[in-house]
Every structure is written in C-alpha cells, then in structure tokens.
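Q: My questions will all concern the structure given below.
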Amino acid sequence: MSERAQELQTIDDDERATRDADPAYLTPEYVGTRLRSPRRPLLLLPQRLSELTGPAFGQDDVRPGDSDLTTQHAGEPLGERIIVSGRVMGSDGRPVRNALVEVWQANAAGRYLHRVDQHPAPLDPNFTGGGRVVTDDDGRYRFITIKPGAYPWKNHDNAWRPAHIHFSVFGRAFTERLVTQMYFPGDPLFAYDPIYQSVRDPAARERMISSFDLASTKPEWALAYSYDIVLGGSGATPLENA
Amino acid sequence: MSLPRTPSQTVGPFFEFGMVTKTLLVDEDAPGAIRIEGKVLDGAGEPVPDGLVEIWQAGADGRYEEGHLGWGRCQTDADGGYAFTTIKPGAVSEADGTTLAPHLTVLCFARGLLKPVLTRVYFSDEQEANRADPVLGAIGSDSDRATLVATAIGPATYRFDIRLQGDEQTVFFTTPAAGL
C-alpha cells in the first residue's frame, strides 16, 4: 500500500466499560463471555454514511395483533397479565419514531418456547412469548403480555436469571442498534445475576429496571410497567477521554 | 439535553421467536445476486450455534436506500453457519469526496456477547477499491486487514467467517455514538 492513512484510534474495551453504560465483552462471572469476548482493542470507526444510516421500518411492517402476546392462541396464557409501555428516545431526548421494537420472553413459569430450553417447568400452549411493535410519532410503544417467571441456568451453582423481557430496538442509525433486557422492580435476584451486574455503573443498571406504572394499569384487568429506552444518539454524543 | 443511554445486554440463546429472520435481500435468481456465507466461531475455534448476524448495505449504485431493503438477519445454525443472498453493494461516495470500497456493515449478537460486535465485509475481487478504502487503509497489519475481506469461493459466492476471539480474531470496530 503506497499511502497509508493514519491508523484508526484504538479503544480499550475494559477501560471503556468502567465509564460507559455498556458492559465489557469480557465479564468472566458470566461464563459465556470467556470464549466469545473479543480480546483485542476495538478500532474507532469514523462516523460516515455506513454508520449514520440504517434500516427504517414503518407501521406496515407489523400487524396490530403483534403487540399483544396474550391473544396469539386459542386461549389466554396463564400468569399475571401486564401492560408494558414506554418511549424510545435519542440521547438528545427526542422521540425515535417508527423504531421497530421486538420482544421475547419466558412464560409465567419461567420456560422459553425453545428446543434448547430444558428447564423442567411447563410450557403454556397459549403463550409463544414473541411480539413486535413500531413506535408512534412520540416514540411510544405498548405491549400486552404476561409477567415472565424467573429462569434457572447453568452459569454457576443454583443460578437464576431475574425475571426479564428481552428487547431489540432499531434506532435511526445501524450503529445505534440496541439489544437489552427489561427487568422488574425489586427483584431479589439482581445481586446474584452476572448479566445484570455486568453493567458496572449502578445508576446505569437501574435504567434497565421498569417502573410500576399505576396510571397505565387497567382496573380489574392488568397491572402496568413503564420502560423508556435511550439510544446512542446519531453521533451527537462525543466520546469523552477517548 | 443529554439522556444517559440504556445499557446493552446479551441477546441470550432464545431469540428466535422474537426476531424474525430475513436472509434473502433479493431473490436467488435475481440479476446480480450473490451469496455471502460463513461461520461464527469462538475463541476455541468452535462454532457459535446460537448467534445472530445482521447486515446493512448500500445498493448496487452505492446509495443507502430508505426502508429496509438493504438489511438482513440470519440466525446461525448448529455448525455456526449463516448465509445471505443479496447483491454486491456499489462503492459509497461521501459528501467530502471520499469513496468507500464496496462493503457490508455487520453486527453479530450471541449468547455470551453482552453487546454486539461490529465489523465490515469487503470483497476479495475489489482489490483496487480496497486499496483506496480509508478504513482498510488505516489498518496497519496485512493479516488484520484480511479478516475483513470475504473470499470469492465460487460463482457469485463469498466466504466470510467471524472469529470472536483468538490469534485470528476478526477486526471489530466501535463508534463514538453507539457505545458498542
């Protein structure tokens, strides 16, 4: 190569995780990271078209029933019916419109409808546990589902995941893509869960916990939780001390 | 106003009934269709059978289209394999006159990845464009650069493996905004 451009800046992932919201790739307490975490420094990409663009979705990409996980089968699923709603925003506070939000979760007994899940808890023939919705002009989304149960896994002796709903969100840019988990307030398993604890900043961890939302409950029908999601911010957030 | 971001968490192993796959960006018999296939491998060289690969790319004219035509998603199989049928993107011209060689942007999610890895797929039969690409050109090591180039292995077929860890680890990127 005749002319070499200036080399890309490198970012130390472990150092970054001490001041950023996201966990480090290598979080040894979560055993699954040990062989799957990149160990070499990350290269900082300039913000160009490939980073600032991303797939866009619209209301045509979902069906109205997709956001109600309790009506996908002949009967109603067992468990505590809940409404989960919130806003998707950029770090500038502005709503992210037409964001595709996908969710998946275990049933009320803590069992996933998946061939690999061997947890000896019952499947529910009336619950699949997957849903999707596109945010409105205020960045709002709303799902109806049932409260998932805690779930055992084999990370360490007597390991249990706190009850959670998985969220996948598309922002305005492909690099704003977020996959996270929504937790429920007051869960006694937080202290023992290496995935929740992988986020090092306690304040950042708490942003993954939904709030009980009395105003959104439906009397004699369902309790409600609210969960707002803040995405990266389309290049608006400078990387400090990088 | 700057709101703190929501942290990333692993996609876990059970995403398949929550995330719809889209492996055909164009029909297999569409003019110019190519296949990009490969494996996701862990630090022991073992397949990652519970991974999810997403791509984002420009069209043949080098423009990023509105909507999600240029987006794809594939769940890895028992051998860690994934494949997309798409078209080769054109070179992307930036407003400042910079030209990016044809490439796909890739995010890979998996159980054991607390946040996705971000990388790029370039093409082995675009040597001239690759030599002028500002990102490839800014990577000092030939062997590192090679991890970003898909190899032509047959007619309109390319191979691109994603090695999460180890001596041959794929080069992964981050961006200032994403917090990846």
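Q: Of the trypsin sites (Lys or Arg not before Pro) in region A:62-164, which ones lie in a loop per DSSP and count no more than 12 other C-beta atoms within 10 Å?
A: For trypsin sites (Lys or Arg not before Pro) across region A:62-164 that sit outside H, G, I, E and B with at most 12 neighbouring Cβ atoms in 10 Å, the list reads A:Arg115, A:Lys154.
Q: Also: What does the average come to when, for each residue of peptide A:166-177, you count the partner chain Cβ atoms lying within 10 Å of its Cβ?
A: Details: counts 8, 3, 8, 1, 3, 2, 0, 4, 13, 13, 6, 10.
Mean partner shielding for this stretch: 6.
Q: Further question on the same structure: Could you give me the ³J(HN,Hα) list for region A:22-29, computed from phi with Karplus coefficients 6.51, -1.76, 1.60 and θ = phi - 60°, whole Hz, x at Gly and Pro?
A: Result, ordered by residue: 7, x, 6, 4, 8, 10, x, 4 Hz.
Q: In terms of the Cα gyration tensor, with a ≥ b ≥ c the square roots of its eigenvalues, is region A:1-78 rounded because a/c is under 1.5, prolate because a/b exceeds b/c, or oblate?
A: Working: a/c = 3.65, a/b = 1.66, b/c = 2.20.
Oblate.
Q: For A:Arg97 and A:Asp201, compute 0.36 nm times the residue count separating them, minus their Cα-Cα distance, and round to one decimal in nm. Don't jump to the answer; show the numbers that get you there.
A: Values: separation 104, 0.36 × 104 = 37.44 nm, distance 2.85 nm.
The span from A:Arg97 to A:Asp201 would gain 34.6 nm if fully extended.
Q: Related question: Counting other Cβ atoms within 10 Å of each Cβ, which GluC sites (Glu not before Pro) in region B:81-128 have at most 13 and sit in a DSSP loop?
A: Working: sites: B:Glu94, B:Glu126, B:Glu128; in loops: B:Glu94, B:Glu126.
Sites meeting the loop and neighbour criteria: B:Glu94.
Q: Top mean-square fluctuation among B:Val40, B:Val92, B:Val135, Gaussian network model of chain B, C-alpha springs under 10 Å?
A: Its mean-square fluctuation being the largest, the pick is B:Val135.
Q: From the phi of every residue in region A:191-208, what ³J(HN,Hα) in whole Hz does the Karplus formula 6.51 cos²θ - 1.76 cosθ + 1.60 yield, where θ is phi - 60° and glycine or proline is x?
A: In residue order, the calculated couplings are 5, 10, 9, x, 6, 4, 6, 5, 7, 7, 7, x, 5, 5, 4, 5, 6, 8 Hz.
Q: Checking the table A:Lys218/B:Lys115; B:Lys22/B:Lys115; A:Lys154/A:Lys218; A:Lys154/B:Lys39 against a 29 Å threshold on Cα-Cα, which pairs fail?
A: Values: A:Lys218/B:Lys115 35 Å; B:Lys22/B:Lys115 21 Å; A:Lys154/A:Lys218 37 Å; A:Lys154/B:Lys39 25 Å.
In this structure, A:Lys218/B:Lys115; A:Lys154/A:Lys218 exceed 29 Å between Cα atoms.
Q: Next question. Using only Cα atoms, what Kirkwood radius does chain B have, in angstroms?
A: On the way: mean 1/r = 0.0588 Å⁻¹.
One decimal place: 17.0 Å for the Kirkwood radius.
Q: Testing the spin-label approximation: label points 7 Å from Cα along Cα→Cβ at B:Thr23 and A:Asp137. State their distance in nm.
A: 4.1 nm
Q: Residue by residue through region A:160-177, which ³J(HN,Hα) values in whole Hz follow from phi under the Karplus form 6.51 cos²θ - 1.76 cosθ + 1.60 (θ = phi - 60°), with glycine and proline marked x?
A: Per residue, the Karplus-derived 3J(HN,Hα) values read 9, 7, x, 4, 7, 10, 6, 10, 10, 10, 9, x, 7, 10, 4, 7, 8, 3 Hz.
Q: Can I ask one more? Can you give me the C-alpha center-to-center distance between region A:148-167 and region B:121-165, rounded to a whole angstrom?
A: 39 Å
Q: At most 13 other Cβ atoms within 10 Å plus a DSSP loop assignment makes a site exposed; report the longest stretch of chain A without any exposed GluC sites (Glu not before Pro).
A: Values: sites that count: A:Glu3, A:Glu7, A:Glu29, A:Glu80, A:Glu220, A:Glu240.
Here the longest run is A:81-219.
Q: With both partners inside region A:105-212, how many of the DSSP beta bridges are antiparallel, as a percent to the nearest 5? Could you put the intermediate results ahead of the total?
A: Working: 10 of 11 bridges.
Within region A:105-212, antiparallel bridges account for around 90 percent of the total.
Q: Show me the three semi-axes of the equivalent ellipsoid for chain A, from the C-alpha gyration tensor (sqrt of 5 times each eigenvalue), largest first, rounded to whole Å. Numbers along the way, then the final one.
A: Details: eigenvalues 216, 110, 55 Å².
Largest first, chain A gives 33, 23, 17 Å.
Q: Enter the mean number of other protein chain beta carbons within 10 Å of the beta carbon of each residue in A:117-130, as an integer. Before the final figure, lay out each step's value.
A: Working: counts 2, 0, 0, 0, 0, 0, 0, 0, 0, 0, 0, 2, 3, 7.
Average per residue, whole number: 1.
Q: Now for a separate question. Which cross-chain or sequence-distant (5 or more) residues have an amide H under 5 Å from the amide H of B:Thr174, H modelled 1.01 Å from N in plane?
A: Answer set, sorted by chain and number: A:Leu43, A:Leu44, A:Leu45.
Throughout, read-outs are computed from the coordinates displayed, never taken from laboratory work. Computed from a prediction, not measured in an experiment: that's the story for all the values here. Cβ: placed from backbone, ideal geometry, glycine included. Neighbour counts: every protein chain shown.
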